[in-house]
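What follows is a short report on a single structure.
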Amino acid sequence: MTPILVRRAGDLPPIERKALAGTRVLLFLSPSGHAVQETLVPVAVLREAGVGVHLATWDARAIRFEPVGNLMAFAAPWSTSLRSLWAAWRTGELRHVTPLRNLEDDGLLGGCLRGFDALVIPGGHGPVFAEFLLGEPVRALLRTFAESGRIVGLVCHATAAAGEAGRGREMTCWPRPYERVLGALPLLGDYFAPLGRPAEDFVAAVASRVHTSARPWKMPHAVIDGNLVTAWGPWSARLFALALMNRLAARPAREACPAPEVLS
């Protein structure tokens, strides 16, 4: 498959919504630090299209979004991210997130997470998010989905965890120049550059090509390369979701897979 650079919805091949029937996406989340736009906007777009979306953390706990993203949402009260945030809090979905280790007990899986067609990890900031992203549960889940040929979606800083899922692929991510500027801010630098080095450094170590630029209009919002879908920032959330839907519509039949290490 030739990589698809998604700058607008028209860059995506058309799909039939009925092809999304029965598809299920797992969002694996840190308890703190995700950008609300990168998390809840894709959830809303996918659910509106009839895709089943399930949120999970490693341990049972509430989800708290990073404050800058929240401020951006409240500054634009008409935004879909703010509406999605209110809706999620009203339903309690963010206060009672299923622990990943209990998913089997909930009867949602046919074993080894094969009940899900895609794994999505949104980006974020801060030390809790960094520990989550570079931890073994994320690495094990990515291996499980990538090795079974299922779809992996990574947004912004989360692309740094791509590892073997991104080997030889074309990707996009949060641009190195932006992270260097934000990382130099007094007191806030470590928060905005939480991984110790730019996310683009991690991506460049495995990808065949990285589509980034200091000029955002030069970048695709999302890149599809095989079963990997990446996006570069909160402004890419809607097109990331549409790109993910495109891959879901073309997914192969679910197959059995070995039990992931993360659940052992």
Highest-MSF residue in the chain out of GLY126, GLY22, GLY153 [GNM, Cα springs under 10 Å]
GLY22
Magnitude of the charge dipole, the chain, Cβ model with Lys/Arg +1 and Asp/Glu -1, debye to 20
680
Cβ-based charge dipole, the chain, positive-most Cα from VAL203, LEU239, LEU154:
LEU239
For a quick protection proxy, order the peptides 9-21, 139-151 by their average other-Cβ count within 10 Å, most packed first.
139-151, 9-21
Could you give the distance between the Cα centres of the range 1-65 and the range 143-163, to the whole Å?
13
Between the modelled labels at GLU48 and TRP86 (7 Å from Cα along Cα→Cβ) the distance in nm is 1.6
In deg cm²/dmol, rounded to 500, what helix-only [θ] at 222 nm does the chain give when every DSSP H run of at least 4 residues adds -39500 (n - 2.57) and the total is split over its residues?
-9000 deg cm²/dmol
Bridge type composition, the range 78-237 - antiparallel percent by DSSP, nearest 5
30
For labels at MET1 and ILE15 in the simple 7 Å Cα→Cβ model, what's the distance in nm?
0.9
Give me the net charge for the shell around PHE240: Cβ to Cβ below 12 angstrom, other residues only, Lys and Arg +1, Asp and Glu -1.
+1
Quick check on the exposure proxy: order MET1, MET171, MET219, MET245 from fewest to most C-beta atoms within 10 angstrom.
MET1, MET219, MET245, MET171
Which of LEU185, LEU46, LEU228 ends up with the largest GNM mean-square fluctuation for the chain, with Cα atoms connected below 10 Å?
LEU185
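Laboratory data are not the source of any read-out in this text; all were calculated from the coordinates shown. In this text, all values refer to a predicted model and were calculated from it rather than measured experimentally. All Cβ positions, even for glycine, are placed from backbone atoms using ideal geometry, and neighbour counts span all protein chains on display.
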